[in-house]
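> Sharing a structure below in structure tokens format, with a few things to ask.
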Amino acid sequence: MIGITGATGQLGQLTIKHLLTKESADSLITLVRDPGKSQAMFADVASRHFDYSKPDTLTDALTGITTLFLISGSEIGQRIEQHANVIDAAKRAGVKTLVYSSLLRADTSSLMLAEEHKATEQRIQASGMDFVILRNGWYTENYTQGLQAVLDAGVLAGAAGYGRIDSATRNDYAEAAANVLTDISAHKGNVYELAGDASFTLQGYADAVSAVTGKPVHFESMNYEGYKQFLQDVAGLPEGFAHVLADSEHHAKDGGLSGSSDELHRLLGRATPSLIEVIKQSL
Ligand SMILES: NC(=O)c1ccc[n+]([C@@H]2O[C@H](COP(=O)([O-])OP(=O)(O)OC[C@H]3O[C@@H](n4cnc5c(N)ncnc54)[C@H](OP(=O)(O)O)[C@@H]3O)[C@@H](O)[C@H]2O)c1
């Protein structure tokens with residue numbers, strides 16, 4: 001039985017979609033904060049209530065799960081404790097293999113985001129359970145979701161300078177996860193560095209948007225402070241999230257969002273879509 005946390009989130013939904021092409025619905029269980037939402041999305045897949053912040057409830061919810069996909073939570077700052085709650089419960093419940101969605105080079109990355117992933121990986125490795133670590137790179141959607149605003153303004157703001165971004169779509173990471181989860185014995189003990197084939201700089205992204213849409217887009221290169229302020233004032237993001245995004249882009253200048261590994265390509269058995277293709281699909 002495969003349990004999937006975060007199944008009502010964006011990566012989780014896509015993972016279930018790919019799993020259902022390979023496994024029968026009765027071999028899957030979603031572990032989510034709102035089982036009703038999960039049932040509305042995947043009527044044939046059983047669902048159990050699961051909140052990373054409620055440690056007393058987690059072990060029972062994991063009964064019968066042999067392979068657990070722990071999708072990292074979204075509550076930045078709380079995740080070391082939350083993920084530890086899940087890992088400890090999985091161990092108690094007899095989960096055999098834990099698969100975790102981590103961050104590219106989580107053990108050495110200078111991104112502020114890496115700290116919680118690194119601590120989670122260490123806890124998993126110390127647990128004694130079999131594991132697979134999927135170190136996901138940056139989502140291409142981090143850019144394409146703001147495409148209309150960029151087109152409206154004719155400006156792409158960013159703090160990555162001319163650092164390369166080797167992102168992939170959530171769909172690519174989800175399909176790779178489904179491939180691992182359904183052939184788990186072939187992957188036990190592996191740590192995968194997952195980077196997309198569509199390598200670009202922000203200038204390259206602006207040029208690609210212009211090429212696809214025919215509208216001029218100027219790349220405005222900002223420093224960390226300027227971009228953080230832009231994300232708060234213009235994009236309307238809360239300060240904490242603006243800090244996370246600006247910090248990640250700032251470190252892209254030193255290769256923080258770049259990865260040369262072909263492991264995502266190999267897990268998928270195909271190349272990830274080109275940047276032009278992803279932009280076209282996003283319009
Ligand atoms: N590589 C990247 O560029 C990148 C970008 C953004 C995020 N991420 C990481 O990747 C993860 C998955 O991405 P995503 O796009 O699917 O994010 P998402 O749509 O925000 O989904 C996050 C999922 O985590 C669940 N969750 C959060 N806190 C929880 C808790 N305390 N207990 C149980 N479930 C909890 C959410 O549950 P609900 O459905 O109930 O809200 C949701 O299903 C994120 O959570 C984050 O750690 C990576």
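> For the chain, with every protein chain kept in place, what is the accessible area per residue (1.4 Å probe, Å²)?
Heavy-atom SASA per residue in the chain reads 43 Å².
> How would you order 174-181, 154-161 from highest to lowest mean count of nearby Cβ atoms within 10 Å?
Peptide ranking by packing, descending: 174-181, 154-161.
> Using a cut-off of 11 Å between beta-carbons, work out the net charge of the residues near A198 (Lys and Arg +1, Asp and Glu -1, A198 not included).
My count for the surroundings of A198 gives -3.
> While we're on this one: Straight-line reach only, C-alpha to C-alpha below 15 angstrom: list the aspartates and glutamates that K118 could link to, leaving out same-chain residues fewer than 8 apart.
Leaving aside aspartates and glutamates fewer than 8 places away in the same chain, those within reach of K118 are E81, D107, E193.
> Helix 224-233 versus the longest principal axis of the chain: what is the Cα-based angle in degrees, 0 to 90, to the nearest 10?
Approximately 80 degrees, to the nearest 10.
> Same structure again: What share of the DSSP beta bridges in segment 132-224 is antiparallel, in percent to the nearest 5?
25 percent
> Could you rank the peptides 7-14, 121-128, 210-217 by their average count of other C-beta atoms within 10 Å per residue, with the highest value first?
With the highest mean Cβ count within 10 Å placed first, the list reads 7-14, 121-128, 210-217.
> Return the carbon/sulfur percentage of the accessible area of the chain, one whole number, probe 1.4 Å, all protein chains in place. Present the calculation step by step, with values, prior to reporting the outcome.
Details: 5880 of 12040 Å².
Reported share for carbon and sulfur atoms: 49 percent.
> Next question, about the same structure. Tell me the net charge near L14. Cut-off is 14 Å between Cβ atoms, L14 excluded, with +1 for each Lys or Arg and -1 for each Asp or Glu.
Cβ neighbours under 14 Å give a net charge of 0.
> GNM, the chain, Cα, under 10 Å: largest mean-square fluctuation among G64, G163, G137?
Most flexible of the set in this elastic network: G64.
> Where the centroid of each part is defined by its Cα atoms, how far is segment 191-234 from segment 27-102 in Å?
What the calculation gives is 34 Å, centre to centre.
> When the solvent-accessible surface of protein heavy atoms is calculated with a 1.4 angstrom probe, in what order do R48, R92, R79 fall, highest first?
In descending accessible area the options line up as R92, R48, R79.
The values are calculated or read from the model by the stated rules, or taken from the named source; none is laboratory data. None of these values were measured; they are calculated from a predicted model. Note: ideal-geometry Cβ built from the backbone for every residue, glycine included; neighbour counts use all protein chains shown. To get the accessible areas, we keep the full protein, side chains included, count just its heavy atoms, and leave off ligands, DNA and RNA. Shrake-Rupley method; radii C 1.70, N 1.55, O 1.52, S 1.80 Å.
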